[in-house]
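All remarks here apply to the structure that follows.
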Amino acid sequence: MRVLVIGSGGREHALCRGLRLDPSVSEVHCAPGNAGIARVATLHQVTPTDGAAVSELAVTLGADLVVIGPEAPLVAGVADAVRAAGIPCFGPSREPAGIEGSKSFAKDVMTAAGVPTARAFTCTTAEEAAAALDEFGPPYVVKDDGLAAGKGVVVTGDRDEALAHAEACERVVIEEYLDGPEVSLFALCDGETAVPLQPAQDFKRAWDGDAGPNTGGMGAYTPLPWAPEGLTEQVMTEIVLPTVAELAARGMPYTGVLYAGLALTAKGPRVIEFNARFGDPETQVVLDRLETPLAGLLLACATGTLAAHEPLRWRDGAAVTVVVAAENYPGEPVKGDVIEGLDAEVPGAYVLHAGTAFDPAPDAGGRIVSNGGRVLSVIGTGRDLAEARTRAYEAVGHIRLRGSHHRSDIALRAVES
């Protein structure tokens with residue numbers, strides 16, 4: 001198979017790595033990719049949200065499968081353009097991708113499907129937002145209705161901060177706070193059938209102890225030794241399958257991965273958010289544990305044959321990823337700093353690139369520099385979470401990037417409990 005992956009982050013590096021390890025794959029291409037992805041895939045300079053350009057590239061390459069990583073191309077309808085060119089595509093069409101592109105659309109689908117989630121109001125004026133905040137009280141949860149690269153959500157006890165975020169957005173969803181540990185569950189879908197991947201937990205706040213501003217994610221781990229027995233089956237029955245059925249009933253069959261961000265409340269799992277793509281950085285650890293060859297699995301989703309696919313197989317042990325972020329992230333990140341220590345060898349650990357690029361200086365000699373907020377995902381694997389965590393942080397210790405920062409408590413509570 002020839003596979004084209006669209007995107008340039010750590011999630012796409014994980015996908016390209018998984019595809020490269022699949023013996024059925026002869027070529028992996030990525031557009032636009034990054035400096036790390038260049039080691040496992042051929043890069044192409046294409047704007048990910050340009051459906052015509054993406055489909056033209058896929059046809060030129062003779063791609064057997066296109067895998068769309070980020071949410072923006074999905075919401076822009078790039079998957080529709082690829083399918084119109086006659087090429088199987090892993091990723092939902094524009095309309096069902098609205099489950100991430102619009103929080104209010106997602107709430108409407110969940111309400112119709114009877115999916116447990118937080119009560120919410122969609123607000124377009126300061127007066128509506130103020131009334132919604134007073135209805136729920138603190139802690140306040142305010143979500144930009146549209147795409148915001150994982151940083152459009154404010155959770156705060158400060159009413160003024162919550163109202164300011166609402167006023168800065170054209171349209172927001174304000175909802176009740178869901179108390180409980182958070183879990184990410186990805187379900188692969190082919191329009192009718194859905195199959196769960198292994199649950200993971202990520203860490204959204206910038207600093208240790210879940211302090212600081214929201215980010216796109218500062219680390220993740222799997223498996224979850226503390227998760228209730230039967231959690232995956234319950235989420236599939238009560239949340240994923242009703243959502244997939246509701247979208248199909250609306251004439252929007254969902255093909256790709258449905259990401260359920262969950263809070264495990266005292267009343268059971270509740271949906272915090274849906275995403276229309278693999279989560280980052282959870283993908284980095286989940287795909288590390290997946291033993292089933294990736295390309296055939298994604299192709300089965302793209303061609304409506306998931307029900308006939310063999311049951312998924314998982315590797316024993318655990319995986320932990322720690323994100324190394326650029327100076328000033330999640331604000332405007334500093335770019336262009338040289339990254340050193342990428343080739344240091346730590347048994348059971350490896351580095352996936354997110355925001356990296358080749359230094360454009362004429363004498364750079366292939367030197368790699370930072371080119372985004374979340375620069376690297378450093379993965380550690382092991383027999384259990386403790387060993388995986390130790391290896392991840394040992395590998396992080398070899399990375400040198402001026403001004404960078406990372407959390408030191410990824411998976412710590414799970415290891416200590």
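Nonpolar atom fraction for the chain, defined as the carbon and sulfur part of the 1.4 Å probe accessible area, stands at 49 percent.
Rg/Rh for segment 9-116 stands at 1.03; both radii use Cα atoms, and Rh follows the Kirkwood definition. Each 10 Å bin, from zero up to the one with the longest distance, holds this percent of the alpha carbon pairs of segment 104-245: 11, 34, 38, 17, 1.
At q = 0.16, 0.26 Å⁻¹, what log₁₀ I(q)/I(0) does segment 335-417 have when each alpha carbon counts as one equal point scatterer in the Debye sum? Normalising to I(0) and taking log10 leaves -0.64, -1.26. Accessible surface calculations at 1.4 Å, restricted to protein heavy atoms, place the chain at 39 Å² per residue. The alpha-carbon positions of the chain define a convex hull whose volume is 138 Å³ per residue. When the Cα positions of Ile174, Ala326, Leu147 are compared along the charge dipole of the chain, Ala326 comes out farthest toward the positive end, with charges on each C-beta of Lys, Arg, Asp and Glu.
Expressed per residue, the C-alpha convex hull volume of segment 195-353 stands at 172 Å³.
The values are calculated or read from the model by the stated rules, or taken from the named source; none is laboratory data. Everything numeric here is computed off the predicted structure, so don't read it as measured data. Note that we place each Cβ from the backbone using ideal geometry, even for glycine, and neighbour counts take in every protein chain shown. Side chains included, ligands, DNA and RNA excluded: accessible areas come from the protein's heavy atoms. Shrake-Rupley method; radii C 1.70, N 1.55, O 1.52, S 1.80 Å.
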